[in-house]
1. Exactly one condition in (1) on the phi > 0 side of the Ramachandran plot; (2) surrounded by 20 or more Cβ atoms within 10 Å (Cβ to Cβ) is false for ALA89; which is it?
2. Scan segment 498-523 residue by residue and report those that are of a type in the set (D, E, K, R) and assigned to a helix (DSSP H, G or I).
3. Only residues that are under 43 Å from the mean Cα position of the chain (by Cα) and not acidic (Asp, Glu): list them for segment 504-523, please.
4. Do you know which residues across segment 233-271 are in contact with a Gly (Cβ under 6 Å, 6 or more places away or on another chain), part of a loop (DSSP other than H, G, I, E, B) and crowded, with 16+ Cβ neighbours inside 10 Å?
5. Given the residues ALA45, ALA71, ALA10, ALA23, which is the only one that is surrounded by fewer than 19 Cβ atoms within 10 Å (Cβ to Cβ) and outside the structural domain of ARG379 (by TED's automatic domain parsing)?
6. In segment 219-232, which residue that is assigned to a loop (DSSP other than H, G, I, E, B) and not polar (S, T, N, Q) is surrounded by the fewest Cβ atoms within 10 Å (Cβ to Cβ)?
7. Looking only at residues in segment 306-340 that are in contact with a Lys or Arg (Cβ under 9 Å, 6 or more places away or on another chain) and over 17 Å from LEU396 (Cα atoms), which one is surrounded by the most Cβ atoms within 10 Å (Cβ to Cβ)?
8. Could you list, in sequence order, the residues of segment 400-416 that are surrounded by 13 or more Cβ atoms within 10 Å (Cβ to Cβ) and at pLDDT below 90?
Amino acid sequence: MKPKILVTEALGPEGLAYLKEHAELTAYDMLPADQLPELMGEFDAVIIRSAHRITRDLIVNRPRLKVVARAGAGVDNVDLDACTELGIAVVNAPGANAIAAAEHTFGLLLAVMRNIRLGDLHVRSGGWDRQAHLGEELHGRRIGIIGLGRVGRNVARLAHGFRMEVFAYDPYITEDIFQANGAIRKDSLESLLEVSDILTIHTPKSGPHLDEALLRQLPQGAFALNVARGGLYDEDAVVRLLEDHHLAGFGCDVFPKEPPNPQARLFQLPRVVVTPHLGGSTHEALANVGVMTATGVIETLAGITPPNLVNVPIPPLEVPELTALDRVCRALGQVFSQLNPTFGSRLILTPGRQVPAEALPWIRQNLIAGVLQNRVDERVNAVNALIKAEEHGLTLTVDDNPKAPQSLSLNLSWDGQPESQAEFAWQQNGSSGLYLRRINDISFDLAWPDIALVTRHQDTPGVVGQIGTLLGEFGVNIGNLHLGRRTLGGEAIMVMALDTPPSEALRKALLSIPGIAAVYWFD
């Protein structure tokens, strides 16, 4: 059964086509905001842009809702805390409109510095005073960029095309990113402002607030731009600095309240150019945003971790490596949870030495969710795993064991119960794949199948034969099987790769065979 998805605003044909291929879609060019509450409970996912807000009141008591998506870079209009608490994944589209926003930044800058808006109005009114509308060149100017993320980096590249000198301030970005984008690093906001003939900011809403004291550190006659978030500049301060000619001009695409008051003093000043939040809006950007958002939603609903999931600490890995670790976590969580029904209070995770350290917070949440989701009645997933773990008194400790294998592997056990160990690894040796290394401290070395049937049974003659016979009677073919045991005549575990999923009737029939303690399957 396909999931149901609601799109509240125009998303673009490419994104809508992808959603229609994978889901039942209800899409609006602009859903009236007052109609959203009555629809929220009918869908598995809701996609918004800028005109709607997802609040706690909208998402509580909506058991069907699994994903909220914002078709854009920010999630300022989504209650992240409420979504996380309720296990609702939040998806966005970071960087999909980075080129559009960077280009718009220079569009505003050129319009202000070259008096394009004033010149246009002058000619339309019958004038032709060229001297009165002389502008200034970008060539050779020093541009200061606050925030060297995706948009900031594109601004730096475009600035080099105008032969500008590029400076940037971003305490969260490594030196190699500065070097790769030809930006001279400034270690403080103040030191950046002092050298910036042109100032532009590209940070989230949590970025620095540029008040009058800071802006007066810009050189006399500087220009300033905001194509990021409304409220990052103190607009009253900008007005004062323009009126006393400390600032020569201002270009602005975003405002604290949108639409802004058209009578605002800022709009009455001559060298101010404003646009209605167009920075990330081009046909190309809307297509990119739509596809990235749609893909993230569909992958999340399918149980796959997309790189644009917001309220889970997604590690900065390449997609193939992220996908591999995601598959390891899902398999390990499922197998460990089912084969260790006795609930402990402290999990021990031992990662292989090749597992990236930056991935461990995300792995931790994934595994906690895998262990809890079949043991509690409420929704548990990687989004709210830490909250639910605290509620149920569960902890997970990462054991940085120097003797851990040199592999991309994860070993999970209950503290003080070595026999509970389960371990999976990802190998890339010509043909990439997921491998089972250990179940209940019994060693294996097998490629994990798409459909796996696992039995725990007594290691006595005839049990394996009876299992094979019974599967044949039910018309289920065994692709291959692997046996493991601790001691002769003790507990044994058999893992079978099946061509088709087993039925509940087959599981019950297997449990009736003398010597079989438990039967599990995974697909």
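The values are calculated or read from the model by the stated rules, or taken from the named source; none is laboratory data. These numbers come from a predicted model, not from an experiment. No Cβ is skipped: glycine too gets one built from the backbone with ideal geometry, and neighbour counts run over all protein chains shown.
1. It is condition (1) that ALA89 fails.
2. Narrowing segment 498-523 to residues of a type in the set (D, E, K, R): 499, 504, 507-508, 523.
Answer for segment 498-523, where residues must be of a type in the set (D, E, K, R) and assigned to a helix (DSSP H, G or I): GLU504, ARG507, LYS508.
3. ALA505, LEU506, ARG507, LYS508, LEU510, LEU511, ALA517, ALA518, VAL519, TYR520, TRP521, PHE522, listed by residue number.
4. ASP253, VAL254, PHE255, ARG271
5. ALA10
6. So the first thing to find is which residues in segment 219-232 are assigned to a loop (DSSP other than H, G, I, E, B), and the list is 219-221, 227-232.
Okay, now just the ones that are also not polar (S, T, N, Q), so 219, 221, 227-232.
On the way: PRO219: 15, GLY221: 12, VAL227: 28, ALA228: 27, ARG229: 20, GLY230: 18, GLY231: 17, LEU232: 21.
Result: GLY221.
7. Per the stated criteria, the residue is VAL310.
8. Correct list: ASN401, ALA404, PRO405, SER407, LEU408.
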